[in-house]
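Here the structure is laid out as structure tokens; the discussion comes afterwards.
The values are calculated or read from the model by the stated rules, or taken from the named source; none is laboratory data. Small disclaimer: the values here were computed from a predicted structure and weren't measured. All Cβ positions, even for glycine, are placed from backbone atoms using ideal geometry, and neighbour counts span all protein chains on display. For accessibility, only protein heavy atoms count, side chains too; no ligands or nucleic acids. Shrake-Rupley method; radii C 1.70, N 1.55, O 1.52, S 1.80 Å.
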Amino acid sequence: MESILFARGRWKPLSNSSLREKNIVFIGFMGAGKTTIGKLVAKKLYRDFIDIDEEIEKEYNMPIPKIFAEIGEKAFREKEKELIQNLCHYKLKIIWVGGGAFLQEEIRKLCLDSSIVFYLDITWDAWKSRLSSIIDSRPVLQGKSIEEIEELFYKRKEIYTNNYHSMIEISNQSMDELAESIVKTIKLSWELHETK
């Protein structure tokens, strides 16, 4: 049985018989608003919100930049993968997946097979205006020129745009309006699925 998730003219088929129970995973470039929107959607759908980075910080009892500096990115990515793999076996969760996690093919496949993946798309110009407020907390941006950051942005964007079920464009709407749009999309999909 196939269900379709709609979002501003962009949709992709999603196969599953228990769509209502699926986790919802948010992907997109760092600073696109995944945490804020994810928390709002979780509240509106009465679900738990899980921020993978926060879970890793709790486990190591240190912030992400310190984890990168002291333990290394490789160990961080392994822990990230382990957490996502475990969470995808649960139901009814809203999961924030870090910007770099979705670059791993194994994680992409797992999320796409087990969850509803929402891609939060943002333009380079819109994202660049947020850079000063996020750069200090993003280890992968440290020491990079604006040209190198732009290259990273488009490299990741290419992966995101080919691996999602529904896409929401981050525009001039408020975070609450975007979250409400996502909730309506999800509920519409549930209704369409149940009428088949």
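Residue pairs exceeding 26 angstrom between C-alpha atoms, taken from K39/K144; K81/K128; K93/K187; K91/K128; K39/K128: K39/K144; K81/K128; K91/K128. Using equal-weight Cα scatterers in the Debye expression, the normalised intensity of region 102-174 in log10 at q = 0.15, 0.22 Å⁻¹ is -0.61, -1.11. Once you reduce region 52-101 and region 128-193 to the center of their Cα atoms, the two points are 18 Å from each other.
With the charge dipole of the chain set up from +1 on Lys and Arg Cβ and -1 on Asp and Glu Cβ about the Cα centre, the Cα lying farthest toward the positive end among the listed residues F118, L131, Q85 is that of F118. In the context of the full set of protein chains, residues of the chain present 51 Å² of accessible surface per residue (probe radius 1.4 Å, heavy atoms only). Of the options Q142, I37, Y60, report the single residue whose Cα projects farthest towards the positive end of the charge dipole of region 14-150 (beta-carbon charges: Lys, Arg +1; Asp, Glu -1). Selected residue: I37. Rounded to the nearest 10 degrees, the angle from helix 34-45 to the longest Cα principal axis of the chain is 30 degrees. Quotient of the Cα radius of gyration of region 139-187 and 2.2 N^0.38 Å, N being its number of residues: 1.52.
Rounded to the nearest 20 debye, the dipole magnitude of the chain is 520 debye, with +1 charges on Lys and Arg beta carbons, -1 on Asp and Glu beta carbons, and the Cα centre as origin. Couplings 3J(HN,Hα) for region 85-99, derived from phi with the Karplus relation 6.51 cos²θ - 1.76 cosθ + 1.60 (θ = phi - 60°), are 4, 5, 5, 5, 8, 8, 10, 6, 10, 10, 10, 8, 9, x, x Hz, where x marks Gly and Pro. Each Lys and Arg adds +1 at its Cβ and each Asp and Glu adds -1 at its Cβ; summed about the Cα centre, region 63-159 shows a dipole of about 320 debye.
Grab the other residues whose beta carbon is less than 12 angstrom from that of K79, score K and R as +1, D and E as -1, and report the net.
-4
Within the straight-line cut-off of under 12 Å between alpha carbons, the aspartates and glutamates reachable from K157 are D121, sequence neighbours fewer than 8 places apart in one chain being disregarded. Counting every C-alpha pair in region 79-121, the share spaced more than 17 angstrom apart comes to 19%.
So if I place +1 on the C-beta of Lys and Arg and -1 on the C-beta of Asp and Glu, and nothing else carries charge, what would the dipole magnitude of region 132-196 be about its Cα centre? I want it in debye, nearest 20.
About 240 debye.
Highest mean first, the peptides 124-133, 183-192 sorted by other C-beta atoms within 10 Å per residue fall in the order 183-192, 124-133. Leaving out ligands, DNA and RNA, and with a 1.4 Å probe, what % of the accessible surface on the chain is carbon or sulfur? Solvent-exposed carbon and sulfur of the chain make up 49 percent of the total.
Across the chain, the relative contact order, built from alpha-carbon pairs under 8 Å that are at least six residues apart, equals 37 percent.
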